[in-house]
Structures are given as C-alpha cells and as structure tokens.
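Encoded as structure tokens, the structure appears first; notes follow it.
The values are calculated or read from the model by the stated rules, or taken from the named source; none is laboratory data. Every value quoted in this text rests on a predicted model; they were computed, and no experiment measured them. Note: ideal-geometry Cβ built from the backbone for every residue, glycine included; neighbour counts use all protein chains shown. These accessible areas exclude ligands, DNA and RNA; they are computed on the full protein's heavy atoms, side chains included. Shrake-Rupley method; radii C 1.70, N 1.55, O 1.52, S 1.80 Å.
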Amino acid sequence: MRTLDHPERDEMRLDTVLAALADPIRRHIACRLNTADDDHACAAFELPVSKSTSTYHFRTLREAGVIRQEYQGTSIMNSLRKDDLDARFPGLLDAVFTAQNIEGGAAVISA
C-alpha cells in the first residue's frame, strides 16, 4: 500500500503551520475538515483552482502537519490532525477557526 510522509508531532513547526493556514484556500480545507464527521477525499472539495493547484494546497497542509492523508483505493482521504496540533500548539486551531468564523465562515473563499 502506498503511503505519504507526514511530520511527527514533535517535528511540527509553528512557522510552517501558520504559513500553511495563512492561505484562504488551505484554511477553507482545514475548516471543512474540522467540522466533518469523517475523512474527505480531495475530490470532495470544490475549490476554485486547477487540480494541480489543489494538489499543491493539500500537500502543503500535509507537509506542515495540519492534515493527514491516506490512500483508500484510488482516492486520497484527508483528516485534520487536530489532536496533534492541539498537543503541540494548544489553542492555535481554535483561534484560527474562531477568527475564520468572524470573517465570514469556512465556506467563503475567493478565487
């Protein structure tokens, strides 16, 4: 089975996580995963970018440690690494998601 590299919890860096979440499209992905009951395939996100740019955004989130990606058949399933991020940077995700809701919610992204 194919696997993707993810940083361990102690390898996560604040600057990298903040840079990943600074982009509105990547923040939208994280917000959607935060409210999801289960994992979502990359194709389930209707993003206003090309497929290759979408892949770049998911890879950036994974390499920062914000999301976990796992192959399930031919799909890549995504989940938020909330437990790891809360343990490494307590309160960070809650602050980001609260701020995003103040600015207009997770569904608002610009092209």
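Can you give me the C-alpha center-to-center distance between segment 37-57 and segment 58-97, rounded to a whole angstrom?
First find each Cα centre; the distance between them is then 14 Å.
State the percentage of accessible surface on the chain attributable to carbon and sulfur atoms; use a 1.4 Å probe and exclude ligands, DNA and RNA.
Working: 3130 of 6500 Å².
With neighbouring chains kept in place, the figure for the chain is 48 percent.
Can you tell which of LEU18, LEU80, LEU93 shows the greatest fluctuation in a Gaussian network model of the chain with Cα springs below 10 Å?
LEU18
What is the dipole size for segment 6-63, taken about its Cα centre, with +1 at each Lys and Arg Cβ and -1 at each Asp and Glu Cβ, in debye to the nearest 20?
Computed about the Cα centre, the dipole is about 240 debye.
Test of understanding: in a Gaussian network model of the chain with alpha carbons linked when under 10 Å, which of THR74, THR60, THR16 would top the mean-square fluctuation ranking?
Comparing THR74, THR60, THR16 in the GNM, the peak value goes to THR74.
Working out 0.36 nm times the residue gap between GLU63 and ASP10, then minus their Cα-Cα distance, what length gain in nm do you get to one decimal? Write down the numbers at each step before the final one.
Details: separation 53, 0.36 × 53 = 19.08 nm, distance 1.33 nm.
Contour length minus the Cα-Cα distance gives 17.8 nm.
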